[in-house]
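Structure record follows, encoded as structure tokens.
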Amino acid sequence: MNPFEILRNPQALKEQADKFQQELAEISATGSAGGKMVTVTLNGKFEIKGVKIDPVCVDPSDTKMLEDLIVAAHHDATSKVQELIKDKAGSMVGGLNLSGFGL
């Protein structure tokens, strides 16, 4: 796809971008860590929408483990959201390379 083709109709591009932003809020992915003892759910804007922690993980003498599990679950969810966005954006922009946008 020629990237200059997109620029010929800036209003359509803006409408498509606005629609894409709305769709990002609807995308959801859940990442997990520790055999699903900790899960984090993110939307397509990378906002945390939920965290679930198995009570087994709540050990006051080992908060470091729980912190690490939360970070790992967030990382897993982030990877899944990025993949969903890449798939959705790929259909929107054709064959344009989006690697410069972190996707």
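Values quoted throughout were computed directly from the atomic coordinates according to the rules given, and no laboratory measurement underlies them. The structure presented is a predicted model; accordingly, all values stated were derived computationally and were not measured.
The gain in end-to-end length when the Asp62 to Ser79 segment is fully stretched comes to 3.5 nm, 0.36 nm per residue minus the alpha carbon separation. Cross-link partners for Lys19 among the lysines, with Cα-Cα distance under 26 Å and sequence neighbours closer than 8 places in the same chain left out: Lys45, Lys49, Lys80, Lys86, Lys88. Annotation: extensible slack from Lys86 through Ala17 equals 23.4 nm (criterion: 0.36 nm per residue apart, minus Cα-Cα distance).
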